[in-house]
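The values are calculated or read from the model by the stated rules, or taken from the named source; none is laboratory data. All values reported here derive from a predicted model rather than from experimental measurement. So basically every Cβ, Gly included, is an ideal-geometry build from the backbone, and we count neighbours across all protein chains shown. Side chains included, ligands, DNA and RNA excluded: accessible areas come from the protein's heavy atoms. Shrake-Rupley method; radii C 1.70, N 1.55, O 1.52, S 1.80 Å.
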Amino acid sequence: MTDAVAMTALRHHRALLVLLGGGLALRLALAFVLFPGQGYASDIGLFWRWATSLAASGPGGFYTSTPTANYPPGYLYVLWVIGLIGNPGLLKVPAMLADIGIAALVYALARRWRDTRTGLVAAALLLFLPVAWYDSALWGQVDAVGTMVALAALLLLVDGWSEAALATALLAVLVKPQYAIVLGVVLPVLVRRHLVRRGSGPRPRLGVRMGRLDALLGGILEDQGPRRLASSAVLAGLVAILVLLPFDIGRHAPASLAGIPVIGNVAGLLGLFGYLGSEFSVLTANAFNGWALAGSPSLASVLGGATGNWQPDSLVVAGGLSAATVGAVLLVAVGALVAGGLLVREGIVPILLAFTILALAFFVLPTRVHERYLFPFFATASVLAAGSLAGTAGLVVVALLDTVNLHAVLAGNVFLGSTACRLT
């Protein structure tokens, strides 16, 4: 790239760079100047213990020596680096940087949909909605990291990169399992493009000349049939296995499978996901959704000044069915409708809308949901809302309500009482 071209590109994206810089400055000021060393003490404490454990003994014995570890390996690589550096003050930095990455991806998606102005509005919404900087710079959680990876998978899907889209979607699941919602978008779109209506998707382009490699990849990418779907599955599987192999996650597998290479790792991952699914068998784990109104006393009673409480989701709510069953059935039904819609029609708006619906449904419908699980919704909703004033206003209202939910847990009287503590 010549200097003239570089300068033109810089001028073209100057407004975006200003937005990204402002968003990062806000987060750094909140985390290290206005509220230094503060956050959700239990989460930050766990992250630091995991980081130091990884730094001390590496991933090979991590799950065995760290019984509190309940994350899949994806984000543990980041904590490993922080542990090697030896500075707990860095624990909030990855999520804050991921916020900036999400804003850049949101900008790219909105530009593809409409224009640069829409991209800038979408990026600004994502950067400055309070729910985003509250989660990363104040709380110290890492929801932005998984969301960034999931959003990258959607951008790759929009641009026709089937293999990379599926591999990246699986990486999102390996960061945190709730990002499996992105597979509910990627898989039906790939099935439509390569099985139902072969060749209906966009043709990706490398954008640069790479000689023989360019010709080889071009030939592969022109194949829009079942082989493309198979190659996507193979590449995604290989990437996932490479992420899993260094860790002793096989300890979560059945004894008969734990010692088998690769199979034991995959079985261990599924075992960990099963454990996580049953870890909080409650109507709502501090998410102010409809389930917060159920039970006695309900979690919503905290809004009246009383102490909120978790209620078991074995509560029978309809036709002899438990709340857990009803929530799961409703979520599966929404997922099936979304998948069916994507099999009929896809494109940038259907893809963004599908992810937005699934992210919202995952927060609203099932039981056992945590207060932060609405976070991915704001990424794609920012793109869709940026096209109109009414959409923008609506998104701001939802973000403010979700921020109230976060603050009620971080500094309020929910479950364990006040948890806004200084990291020591």
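Determine the dipole magnitude for the chain: charges of +1 sit on the beta-carbon of Lys and Arg, -1 on that of Asp and Glu, nothing else is charged, the reference point is the Cα centre, and the result goes in debye to the nearest 20. Spell out each step's value before the answer.
Details: 25 positive and 17 negative charges, 190 e Å.
I would put it at about 920 debye.
Rank these by accessible area, largest first, 1.4 Å probe: 85, 348, 102, 260. Don't skip to the answer; put the middle values down first.
On the way: 85 105, 348 35, 102 0, 260 65 Å².
Greatest to least solvent exposure: 85, 260, 348, 102.
Calculate what fraction, in whole %, of the accessible area of the chain sits on carbon and sulfur atoms when a 1.4 Å probe is rolled over the protein chains. Numbers along the way, then the final one.
Details: 12720 of 18140 Å².
Here it works out to 70 percent.
Each residue of the range 167-181 is assigned a 3J(HN,Hα), and the resulting list reads 4, 5, 4, 5, 4, 4, 5, 6, 7, 8, x, 5, 7, 4, 4 Hz, derived from the Karplus form 6.51 cos²θ - 1.76 cosθ + 1.60 (θ = phi - 60°), x at Gly and Pro. Here the label points at residue 33 and residue 56, each 7 Å from Cα along the C-beta direction, are separated by 3.7 nm in the simple model.
Shape class for the range 104-150, computed from the alpha carbon gyration tensor (a ≥ b ≥ c): oblate, with a/c not under 1.5 and a/b at or below b/c. Please list, by residue number, everything in the range 365-404 whose backbone N is under 15 Å from a paramagnetic label point 7 Å out along Cα→Cβ of residue 115. Taking a point 7 Å out along Cα→Cβ of residue 115, the residues of the range 365-404 whose backbone N falls under 15 Å are 386-389. Per-residue ellipticity at 222 nm computed for the chain from its helices equals -20000 deg cm²/dmol, with DSSP H segments shorter than 4 residues left out and the rest contributing -39,500 (n - 2.57).
Here the gap between residue 15 and residue 337, fully extended at 0.36 nm per residue and compared with their Cα-Cα distance, gives a gain of 112.1 nm. Does the range 109-195 come out rounded, prolate or oblate by the C-alpha gyration tensor, with a ≥ b ≥ c the root eigenvalues, rounded set by a/c under 1.5 and, if not, prolate when a/b is larger than b/c and oblate if not? Because a/c hits 1.5 or more and a/b fails to exceed b/c, the range 109-195 counts as oblate.
Distant-in-sequence amide contacts of residue 39, defined by a placed amide H-H separation under 5 Å and a gap of 5 or more residues or a different chain, comprise 421, 423.
Cα centroids of the range 125-139 and the range 323-356: 26 Å apart.
In terms of solvent-accessible area of protein heavy atoms at a 1.4 angstrom probe, what is the ranking of 248, 159, highest value first? Walk me through the numbers before you get to the answer.
Numbers: 248 25, 159 45 Å².
Largest accessible area first, the residues go 159, 248.
Remark: the Cα gyration tensor places the chain in the rounded category, a/c being less than 1.5. Accessible surface ranking for 357, 181, 1.4 angstrom probe, highest first: 357, 181.
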